[in-house]
Every structure is written in C-alpha cells, then in structure tokens.
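The values are calculated or read from the model by the stated rules, or taken from the named source; none is laboratory data. Please read all numbers here as calculations on a predicted model, not as lab measurements. All Cβ positions, even for glycine, are placed from backbone atoms using ideal geometry, and neighbour counts span all protein chains on display.
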Amino acid sequence: MDIHEYQSKEILSGLGVPVPRGGLAYSPEQAGYRARELGGDAWVVKAQIHSGGRGEAGGVKLCRSEDEVRTYAATLFGKQLVTRQTDANGKGVFRVWVEAATSIRQELYLGLVLDRKTERIMIVSSAHGGMEIEELAVEDPDSLRRMVIDPAVGLAEYQARELAFSLGLSGGQIAQMITVLRACYRAYRDLDALMVEINPLVITEAGDLIALDAKMSFDTNALYRRPEVAALRDPSQEDARESMAADNGLAYVGLDGDIGCITNGAGLAMATMDMVKLAGGEPANFLDIGGGASPERVCQAFRTVLSDTNVQVILINIFAGINRCDWIANGVIQAYRELNLGVPVIVRLAGTNVEEGRAILTGAGLPILAAETLEEAANAAVAARRQPVAA
Ligand code: GDP
Ligand code: MN
C-alpha cells in the first residue's frame, strides 16, 4: 500500500527527519490560505498522487505569490496527472501540498528497500539525487551505494557514518545524516514498510540536510497490526477493482487479460493463472476467495471479477477440503442466476463430494461447463473466449 508524500513526511518528521514547513489543501482557495499561513515569498505547490515523476509531469511548481499558488493549484485539482510511473489514465489530484520553498545546493538520493537476495533491508544512496533511481542506475551507476543491514544488529553507527562520508558530507551534516538514516530505518522496521525513499534529500544553501520529497509503501499483509498505517489509505489512488475487493475482504489483483479467475488459496490461484497462460490465454485477475467459500462469498467474487469489463469468460477452480463441492456448486448456480451472468463459466472442482458437485452443475441447465482437470478447464476457458457469448 502506498501513501502520499505529505503523509510520509509527517511520519519521517515525527522521527526526526527535517522537512520543509507545509500544509495540505483540498481546494485552490485553501492552497492560497496555506501559503499565507506559511509566510515568506516562495512556495512549492505539489500534487499529491501515489506516483513519483510529478516534477517533469507538471505536478510540482515553484510559485512566487499567493495568487500564483491559487491559480496553479486550480489547474491541478480534479486533473488526471499522467507521469512516467502511472498508466495512460494517470492519477486523480484531490489533495495538494503547499510548502515553504527551499534553496538547493545539492540533491542526494536515499532509499531503503527490501533486498530479496540477502533477505534484508538495503540502503541505497547517491550523491546525485533528484532523478529516478532507475535512471540513476543507468546514467551514473558508480554513484549508487548499497548497504545491507543485519537485522540482529540494526543500523550500526559505523555504517551510518560510512554512508555519510561516502556522500561527501562534512561537519554538522554527518550528525544530521545519521539522524535521517536512523529515522528512515525505524520507520521502515517499526511500521512494516517495504520502501522508504527520500529523493531528493537536499543540502540547502545554508548547508543543512532536508527531505524535499518522501515516499513510503507498506506491506499490505501487515496492515492488520498497523491500524495507524491502514488509516492512511486513499482509495482514490487505487485500482477501483482492487479497492472494491479489499472492502469485501477478497485478495484480488487486477491484470490485463480477459479470463476472470475465481479460486481459493493463493497457491491454487497462481497455478490457475499459470495454466491459463500455458493454454494461450491471459488472466484478467488474481483472486483468492479464501477458505470458507460460502454462496455469498462466491457471489461477491463474481461481482468483483465482472467489474472488469474486459472479462469474457470466468474460470472457477476450487479445491474443497473443509468445504464441500456440492455446496460450492450451489453457490455458483445461485450467483449465476442472481447476477444474470452473460459470460460463459467454466468450473473445475476437486475434493470433498466432487461427484455431487459436478452433477449439480451439469443438471442446472445453465451454460456452465464442469471440467475434470485444471488443464481441461484452462483450455475450455481459452476456447470459450474466442466464441461469441451464447444468447
Ligand atoms: P517527484 O518528481 O514526484 O519526485 O517530486 P519531487 O518532490 O521530488 O520534486 C521534483 C523536483 O522539484 C525536485 O527534484 C526538485 O528539483 C524540485 N523541487 C521540489 N521542491 C523544491 C523546492 O522547495 N525548491 C526548489 N528550488 N526546487 C524544488
Ligand atoms: Mn522525488
């Protein structure tokens, strides 16, 4: 789960990272008030969307008057901002952050990520920040430093010093950098983050460190124990299909294909998507409806999958362990009738009472195909997708 820049800054600032003074606005007028409250004669107006690359996309602007702040904010609100990190639709701007402008001497890069190879938190840094890390890795690979943190020890003092020196910092900047690093590491570890990024971390004209941008994302599977993080969720920035599923407690990930998948268990869901690909099709989604596949849950799963208008056929693959196949078959039929489905449905059931389940499906007189194996089901789904939908 991603959060906004201003929320990340609030978290990091609370742990000791210096950030510019700023305020949030929900309208152009409010943006103007924020500028007045902050005082001074230069402000930066920043679109709050769950994406980087806003600067080059016109989502960040230095303004010299209250009026300019208001006028520029007015162009942002309600806009779908397209950056190189978003899709062609972009992300809607509904919140704008106004902050006191900073005079920049140098832009640094600092990022904490999960390194899957070492299974540890890795700190990535560079003295040439400002641009995207991917771009940096291509254009100036030697400037990138990677440092792995031993979880048993945590971020060691000598590592923080070494990193500060490697960035060419001196004097008071070294102590400031150590504070920033400690704060980022704590935020990462204590809040179950997957990424903490400050880009740019700036050396001001006065020689002090300050975080001009901040980005955090979190492990969705840990949100149950981080209610303070879960509260920062902004559905306006999420895939509509995924937020609908999350609201209903379904594990759903939207994809680009046209074969809707309804399965139980993450492993079975992955295997189903693999089989669809192997049969020459493209899955429209990952969906794990969980253990107790009640008729209500099956119905909700159908609704979620069908909210994607690309879906041409639905493939159901359920393994009934604690569940019973006859019960699931009844749920599928109930959902089919209630939702008045217009797409073919392929069902592969396995496990308890599988014969009864198949008999119920074939006896229903609906365009539901009961397949014996997953392979057969995947092939049938791909074939069904190429045919016009039965009247
Ligand atoms: P991003 O493009 O989404 O990563 O947004 P950033 O917050 O990183 O802003 C993009 C760029 O705008 C930064 O790299 C800076 O060069 C510039 N910028 C942001 N805030 C200020 C500021 O207070 N003063 C100046 N001079 N430039 C700023
Ligand atoms: Mn940035």
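Restricting attention to helices (runs of 4 or more DSSP H) lying wholly within the range 1-83, give those where 2 or more residues are farther than 25 Å from THR220 by Cα and among the acidic types (Asp, Glu). Steps first, answer last, please.
On the way: elements: 5-14, 28-38, 66-76.
Output list reads 28-38, 66-76.
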Which condition from (1) within 14 Å of ligand 2 (Cβ to nearest atom); (2) in the same structural domain as ALA211 (by TED's automatic domain parsing); (3) surrounded by fewer than 20 Cβ atoms within 10 Å (Cβ to Cβ); (4) not hydroxyl-bearing (Ser, Thr, Tyr) is the one that HIS4 breaks? (3)
Consider the range 235-252. How many of its residues are buried (at least 19 other Cβ atoms within 10 Å of the Cβ), assigned to a loop (DSSP other than H, G, I, E, B) and under 12 Å from the mean Cα position of the chain (by Cα)? 0
Is there a residue in the range 14-31 that is within 14 Å of ligand 2 (Cβ to nearest atom) and under 29 Å from the mean Cα position of the chain (by Cα)? yes
Checking CYS184 against (1) away from ligand 1 (no atom under 15 Å from the Cβ); (2) surrounded by 22 or more Cβ atoms within 10 Å (Cβ to Cβ); (3) at pLDDT below 95; (4) not polar (S, T, N, Q), which test does it fail? (3)
Select, from THR352, THR373, THR362, the only residue that is of a type in the set (S, T, N, Q) and free of Cβ contacts under 8 Å to residues at least 12 places away in the same chain. THR362
Given (1) closer than 30 Å to ALA175 by Cβ; (2) surrounded by fewer than 22 Cβ atoms within 10 Å (Cβ to Cβ); (3) in contact with a Phe, Trp or Tyr (Cβ under 8 Å, 6 or more places away or on another chain), index of the condition PHE77 fails: (1)
Here's a check for you: in the range 85-139, which residue that is basic (Lys, Arg) and part of a loop (DSSP other than H, G, I, E, B) is surrounded by the most Cβ atoms within 10 Å (Cβ to Cβ)? ARG95
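Which one is nearest to GLU10 (Cα to Cα) among residues in the range 168-180 that are in contact with a strand residue (DSSP E or B) (Cβ under 7 Å, 6 or more places away or on another chain) and buried (at least 22 other Cβ atoms within 10 Å of the Cβ)? It would help to see each step written out before you state the result.
First, pick out the residues of the range 168-180 that are in contact with a strand residue (DSSP E or B) (Cβ under 7 Å, 6 or more places away or on another chain): 173, 176-177, 180.
Now drop any that are not buried (at least 22 other Cβ atoms within 10 Å of the Cβ), which leaves 177, 180.
Working: MET177: 18, VAL180: 14 Å.
Step by step, filter the range 168-180, then rank; the result is VAL180.
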What's the total number of residues in the range 54-90 that are under 21 Å from GLU29 (Cβ atoms), within 16 Å of ligand 1 (Cβ to nearest atom) and among the hydrophobic types (A, V, I, L, M, F, W, C)? 7
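Residues checked against (1) closer than 27 Å to ARG21 by Cβ; (2) within 16 Å of ligand 1 (Cβ to nearest atom); (3) over 18 Å from the mean Cα position of the chain (by Cα); (4) not aromatic (Phe, Trp, Tyr):
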{"residue": "ARG145", "(1), (2), (3), (4)": "no, no, yes, yes"}
{"residue": "ALA152", "(1), (2), (3), (4)": "no, no, yes, yes"}
{"residue": "PHE165", "(1), (2), (3), (4)": "no, no, yes, no"}
{"residue": "GLN176", "(1), (2), (3), (4)": "yes, no, yes, yes"}
{"residue": "VAL196", "(1), (2), (3), (4)": "yes, yes, no, yes"}
{"residue": "PRO227", "(1), (2), (3), (4)": "no, no, no, yes"}
